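A.B. asks: Below: one structure in structure tokens.
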Amino acid sequence: MNKRFSVAVLIALVFSSCNLFEPRTPEDPSNEGVVWLDPTSPDIVVENIQSTLNGGSTLYMDCFTESFVFYADSNDINEYSGYNFDDWTKAVENSTVSLLFTIVPADSIIAAEFLIDTGNPDPAAPSDSVTIYRNYTISIPQSYHSGTGTPAAGIAELHMVENDGLWAIQEWHDVRHVETSLVTWAVAKAYYR
């Protein structure tokens, strides 16, 4: 009797889980290897930007508010007059960076690093908005400006806002390093706009 009951339970389990051997829905490959943390503080937003750029992930766009605006350095606007830096909204950022992600060869990665700008330390305890500064380098294999191994570099002046406990970037002001000849993130991506 005990053996019959075990067989009956086994048969019932097999028939009740018909989709046990069906393939699962695959994860989005563009997010593979990306560490995403809930952006509960401004510094986590920066960690997410770095991780999503390094992973070529569409999650990059989740770092920005819907009203996001990117501003290029005025020197870049003057020197690269053939590039369009006007009205750089979240939609423009999405299409431009998505195109950049597609040019990176499968056996390569974007290498992005964001470090605190020691001349502009983070505020101690922001409440609902904050401006933070990060020195950055971003190398994009095969890109027009970075294809030779020369990274884009500059200072990201990030204006962030908090909504329901989560932070996002509302404005990114790109600033050139005075002492370098490297292009900024604005110039590196504006070529693809």
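A.B. asks: Given (1) modelled with pLDDT of 95 or more; (2) under 18 Å from Val183 (Cβ atoms), where does Thr52 come up short, assuming only one miss?
C.D. replies: Just one mismatch for Thr52, condition (2).
A.B. asks: Quick one: how many residues across region 107-142 are under 23 Å from Ala190 (Cβ atoms) and of a type in the set (Asp, Glu)?
C.D. replies: Total satisfying the criteria: 2.
A.B. asks: Right, next: So is Glu93 at pLDDT 95 or above and surrounded by 10 or more Cβ atoms within 10 Å (Cβ to Cβ) or not?
C.D. replies: Yes, satisfied.
A.B. asks: Shifting gears a bit: Quick check: is even one residue across region 141-158 surrounded by fewer than 19 Cβ atoms within 10 Å (Cβ to Cβ) and within 18 Å of Tyr71 (Cα to Cα)?
C.D. replies: Among the residues of region 141-158, at least one is surrounded by fewer than 19 Cβ atoms within 10 Å (Cβ to Cβ) and within 18 Å of Tyr71 (Cα to Cα), which makes the answer yes.
A.B. asks: Being in a helix (DSSP H, G or I), within 18 Å of Tyr192 (Cβ to Cβ) and touching a helix residue (DSSP H, G or I) at 6+ places or on another chain (Cβ under 8 Å) is the filter here; which residues of region 50-92 pass it?
C.D. replies: Correct list: Thr52, Leu53, Thr58, Tyr60, Met61, Asp76, Lys90.
The values are calculated or read from the model by the stated rules, or taken from the named source; none is laboratory data. Computed from a predicted structure; not experimentally measured. Glycine also receives a Cβ, built like all others from the backbone with ideal geometry; neighbour counts cover every protein chain displayed.
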